[in-house]
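Quick notes on the structure that follows.
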Amino acid sequence: MSSLVVTSSRNPDAHWRTDAPAWAERLGTRAVPRRDRSLATLAADEQVGGVLVIARQQQPVYYEPARGVEYSFHPSMAKTRIHNLTVGRGDPMVTAMKLGPGDDVLDCTLGRGSDAIVASWIVGEAGQVVGTERVVVLAALAAHGLATYEIRPHDVAAAMRRIEVHRADYHDVLSESADGSFDVVYFDPIFAQPLEASPAMVPLRALADDQPVDVGALEQARRVARRAVVVKQRRGSNYWQGLPFAVEIVAGGNSRIEYGVIKPSSPAPG
Ligand SMILES: C[S@@+](CC[C@H](N)C(=O)[O-])C[C@H]1O[C@@H](n2cnc3c(N)ncnc32)[C@H](O)[C@@H]1O
């Protein structure tokens with residue numbers, strides 16, 4: 001039994017015939033006709049937990065009817081954060097990373113790609129943002145959304161298009177990466193205790209891999225980073241206390257989050 005199937009809206013257009021098999025192959029599953037079935041009925045008939053509904057000109061929507069989960073790609077606060085940067089208000093993540101044009105960033109926890117978009121906008125065409133996401137459906141929706149989501153201004157869209165998405169576990173990507181191959185290695189793990197009033201995070205939390213970042217991954221990240229390993233946490237997190245490295249905490253304004261900045265094991269000269 002596969003865990004999800006691909007289907008269409010109730011009134012599919014002709015593109016369904018070509019788009020559905022492509023999505024099914026991408027997700028390692030099959031495409032089934034919607035007919036007039038509700039998503040709950042379709043999931044029960046097909047004996048799956050999840051249903052990806054594709055429709056032309058819209059981002060696909062992933063549902064898990066039994067859990068009440070509905071998830072689709074959206075750049076979240078990326079556009080607002082980029083606007084803040086253009087008017088000189090700054091961005092705490094960018095500050096923590098000391099990010100600038102031409103930098104290379106490995107975003108280990110891509111999720112919706114919001115942080116990656118901001119990073120990509122800053123590093124520009126001379127830099128590169130690579131994102132890894134372990135959960136198959138999240139990686140596929142992020143890759144598609146970053147490549148196709150229509151947004152203005154043009155430079156935000158261009159920043160989205162430049163992000164390279166890998167469906168992969170960051171442990172594997174880190175262990176395969178050469179020493180000092182990125183300026184910054186970034187982790188934004190699912191917080192053990194969610195922040196209140198963060199509705200955009202609810203479906204992502206339901207689908208995400210929620211393991212904390214282990215010391216082994218941080219060791220690898222310190223080897224791969226030239227400037228810094230940056231980890232996001234709730235403000236006042238006790239996560240830092242268990243780590244065998246010095247951590248500089250960077251907070252943003254009255255934000256409820258903080259960034260831990262850890263030095264690489266072989267910092268770049270100069
Ligand atoms: C809090 S979300 C990241 C949100 C992201 N920073 C954004 O701006 O949308 C954490 C993401 O990391 C992913 N993740 C967790 N462990 C992972 C691993 N070992 N390898 C790759 N991705 C992982 C989760 O599935 C989840 O999508």
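Summary table
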| read-out | value |
| --- | --- |
| Net charge dipole size for the range 101-142 [Lys, Arg +1 and Asp, Glu -1 on Cβ; Debye, nearest 20] | 200 |
| Dipole magnitude of the chain, debye to nearest 20 (Cβ charges: Lys/Arg +1, Asp/Glu -1, about Cα centre) | 540 |
| Pair Gln241, Thr86: separation of 7 Å Cα→Cβ label points (nm) | 4.4 |
| Scattering curve values for the chain, log₁₀ I(q)/I(0), Debye with Cα scatterers, q = 0.13, 0.17 Å⁻¹ | -0.88, -1.33 |
| For the chain: relative contact order, % (alpha-carbon pairs under 8 angstrom, 6 or more apart) | 14 |
| Counted charge near Leu39, where neighbours are those whose Cβ lies closer than 14 Å (Asp, Glu -1; Lys, Arg +1) | 0 |
| Longest to shortest principal axis, alpha-carbon extents of the range 4-72, angstrom | 29, 24, 21 |
| Positive-pole candidate from Thr95, Ala147, Phe191, dipole of the range 78-262, charges at beta carbon | Thr95 |
| Unit charges on C-beta of K, R, D, E only; dipole of the range 4-72, Debye | 100 |
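A short reminder: the numbers here are calculations on the coordinates, not readings from a lab. If you're wondering where the values come from, they're calculated on a predicted model, not measured in any experiment. Virtual Cβ from ideal backbone geometry, glycine too; neighbours counted across all protein chains shown.
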